[in-house]
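Chemist: Have a look at this one.
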Amino acid sequence: MFPCLQIDFMLQSSLHCKVPNGAIDITSILIFLNALTDAPHFLLELIQGSSTSIVVILDLLPRKDLAFHPDYLQKYYEENRMDEQRGKIEELPQTRPYRSPSLFVRSACSPTAIMVSIDCGQGGEKALEEIMHGQLATVIQEVLQIWLDNCADSITEMDEVERDCLLKRDQIVRSKSIEVDLTANLPRMFGPDVSSRVITEIRKAFGVQEP
């Protein structure tokens, strides 16, 4: 599907679940790169709990500690002007910052991550639809294009120690992502049997063993 790109695996999921006050729809796309590059992974998650509001998480997930590697911060975030993409969404009057309840999720994201709640208020179905098909769709396409142009086909020269550290960090992020997100939330949405089967298959795809 992506010839010549350094993709390790891609996870796309669409979940629909009825809740006491309605329904919730969660769409996620996570694309992990392999160890031939240290370029960021791609993350998109849309969480819609009503016809007038949506939570958006969009980021190029860093694979290095940015405080220790300012050149990495400059290369993938400053030079690509990622903060401008975040600003295009945060400047909307319907937008409020979203704070994940998980400290791990917040620590794993870059400082330019788009993490917002867009709420158009009562009767705002049309306004939300216009934002989703307008500014939001444009920013998602632009961030994806930045990732495709600058990350997905890159190759990074690394010694054995650097590569081992990269692999270890990737493995921790994968494992914690399952633990924090899926293991904590899927049983409440779909029950223990269904969620257990889904999580088992995702662990296999991620190459992550049960704790």
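The values are calculated or read from the model by the stated rules, or taken from the named source; none is laboratory data. These figures come from a predicted structure and were not determined experimentally. Cβ sites come from the backbone with ideal geometry, for glycine too, and all protein chains shown count toward neighbours. With ligands, DNA and RNA removed, areas are computed over all heavy atoms of the protein, side chains included. Shrake-Rupley method; radii C 1.70, N 1.55, O 1.52, S 1.80 Å.
Chemist: Please enumerate the residues belonging to region 74-90 that are within 19 Å of the chain's Cα centre (by Cα) and not in a helix (DSSP H, G or I).
Modeler: Scanning region 74-90 gives N80, R81.
Chemist: May I ask you to list the residues in region 91-131 that are open to solvent by less than 60 Å² (accessible area, probe 1.4 Å), over 30 Å from D65 (Cα atoms) and assigned to a helix (DSSP H, G or I)?
Modeler: Within region 91-131, A127, L128, I131 qualify.
Chemist: On to the next question. Considering region 1-10 alone, what residues qualify as being open to solvent by 50 Å² or more (accessible area, probe 1.4 Å) and in a strand (DSSP E or B)?
Modeler: Let us first name the residues in region 1-10 that are open to solvent by 50 Å² or more (accessible area, probe 1.4 Å), namely 1-4, 8, 10.
Selection gives D8, M10.
Chemist: Shifting gears a bit: Look through region 122-150, keep the residues that are under 19 Å from the mean Cα position of the chain (by Cα) and of a type in the set (V, I, T), and return whichever of them is farthest from L43 (Cα to Cα). Steps first, answer last, please.
Modeler: Within region 122-150, the subset under 19 Å from the mean Cα position of the chain (by Cα) is 132, 135-150.
From the residues that got through so far, the ones that are of a type in the set (V, I, T) too are 138-140, 143, 146.
Numbers: T138: 16, V139: 13, I140: 10, V143: 10, I146: 13 Å.
It comes out as T138.
Chemist: Same structure again: Among (1) surrounded by fewer than 14 Cβ atoms within 10 Å (Cβ to Cβ); (2) at pLDDT below 95; (3) of a type in the set (G, A, S), where does A137 come up short?
Modeler: All conditions pass for A137, except number (2).
Chemist: Residue under question is I26, and the condition is that it be over 21 Å from R86 (Cβ atoms) and over 13 Å from the mean Cα position of the chain (by Cα); does it hold?
Modeler: Numbers: over 21 Å from R86 (Cβ atoms): yes; over 13 Å from the mean Cα position of the chain (by Cα): no.
So I26 does not fit the description; no.
Chemist: If a residue has to be farther than 19 Å from E78 by Cα, assigned to a helix (DSSP H, G or I) and either of a type in the set (K, R) or open to solvent by 90 Å² or more (accessible area, probe 1.4 Å) (or both) to count, how many in region 143-163 make the cut?
Modeler: Of the residues in that region, 3 qualify.
Chemist: Now a separate question. Report the residue count in region 56-90 for those that are farther than 19 Å from Q141 by Cβ and either of a type in the set (A, V, I, L, M) or open to solvent by 60 Å² or more (accessible area, probe 1.4 Å) (or both). Steps first, please.
Modeler: Our first condition is that a residue be farther than 19 Å from Q141 by Cβ; within region 56-90, this holds for 62-75, 78-79.
If we keep only those that are either of a type in the set (A, V, I, L, M) or open to solvent by 60 Å² or more (accessible area, probe 1.4 Å) (or both) as well, we get 65-71, 73-75, 78-79.
Count: 12.
Chemist: What are the residues in region 27-39 that are more than 30 Å from D159 (Cα to Cα) and open to solvent by less than 30 Å² (accessible area, probe 1.4 Å), if any?
Modeler: Listed by number, the list holds a single entry, S28.
Chemist: Among the candidates L58, L36, L44, which residue alone is part of a loop (DSSP other than H, G, I, E, B) and of a type in the set (A, V, I, L, M)? Give the derivation first.
Modeler: Details: L58 fails: part of a loop (DSSP other than H, G, I, E, B); L44 fails: part of a loop (DSSP other than H, G, I, E, B).
None of the others qualify; the one that does is L36.
Chemist: Under 8 Å between Cβ atoms, at least 6 apart or on separate chains: pull out the pairs that start in region 78-103 with a residue that is among the hydroxyl-bearing types (S, T, Y) and end on any residue that is modelled with pLDDT under 95 and exposed (fewer than 14 other Cβ atoms within 10 Å of the Cβ).
Modeler: Within 8 Å, the pairs are S100/R106.
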